Amino acid sequence: MQQTIQKKTPVTIVLFSGDMDKAMAAFVIATAAASMGMPVSIFFTFWGLNVIKKKGGLIKGQHWMQKMLNIVNYGHARKLALSKLNMLGMGPVMMKEMMSKKRVPSMDEFIKTAAALGVKFYPCEMSMTVMGLKKEDFIDECGEVIGAVSYLSIAKESNINLFI
């Protein structure tokens, strides 16, 4: 009897949004796919970079425009806003409380779990350059910094490509 070797379907996710609910959706899908043995890559671009920024270091950038952008766009995984019903920051507080009561992992826990499951995190080189960010501004779980061409090389081998 010949055994069929099934190739695991690769998954790529572009995380463009820095909203907590959208980032959570990306990580729910990523960890579910990785737990099924699927190779998963997440390409963080523009506001999605906030999800993988290290906490601290408000003023980043090489000139005043980059510094101002990073002050008004200050973020990291514990400081993400909701896309709807943010309510001056009360929305995320309430959502985190409700999620905790239902034992839904926090964003930090999802990040650690995804990394442990082998999900690859790729910060976008162009977005980082525009915003004046460097590799050391991001969490240790991040892989190499890549551009759109490298992302497309990964994505073209994937059967599932998501843009969040």
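Read the figures in this text as sums done on the coordinates, not as results from a lab. Bear in mind the structure is a predicted one, so any value in this text is a computation, not a measurement. Please note: Cβ atoms are built from the backbone with ideal geometry, for glycine as well, and neighbour counts cover all protein chains shown.
Results, tabulated for the structure shown:
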{"item": "In segment 107-125, residue nearest to D19 (Cα to Cα) [restricted to those that are in a helix (DSSP H, G or I), in contact (Cβ under 8 Å) with a residue 24 or more places away in the chain and in contact with a Ser or Thr (Cβ under 9 Å, 6 or more places away or on another chain)]", "result": "F110"}
{"item": "Search result, residues across segment 35-52 that are hydrophobic (A, V, I, L, M, F, W, C) and either crowded, with 21+ Cβ neighbours inside 10 Å or assigned to a strand (DSSP E or B) (or both)", "result": "V40, I42, F43, F44, L49, V51, I52"}
{"item": "Search result, residues across segment 92-111 that are surrounded by fewer than 14 Cβ atoms within 10 Å (Cβ to Cβ) and within 16 Å of A34 (Cα to Cα)", "result": "E109"}
{"item": "Within segment 128-150, tally of residues that are more than 11 Å from F43 (Cα to Cα), out of contact with any His (no Cβ under 8 Å at 6 or more places or on another chain) and not charged (D, E, K, R)", "result": "8"}
{"item": "Hits in segment 9-43 - residues which are closer than 19 Å to I154 by Cβ and in contact with a Gly (Cβ under 9 Å, 6 or more places away or on another chain)", "result": "V14, L15, F16, A26, A34, P39, V40, S41, I42"}
{"item": "Selection status of M94, farther than 14 Å from G48 by Cβ and in a helix (DSSP H, G or I)", "result": "yes"}
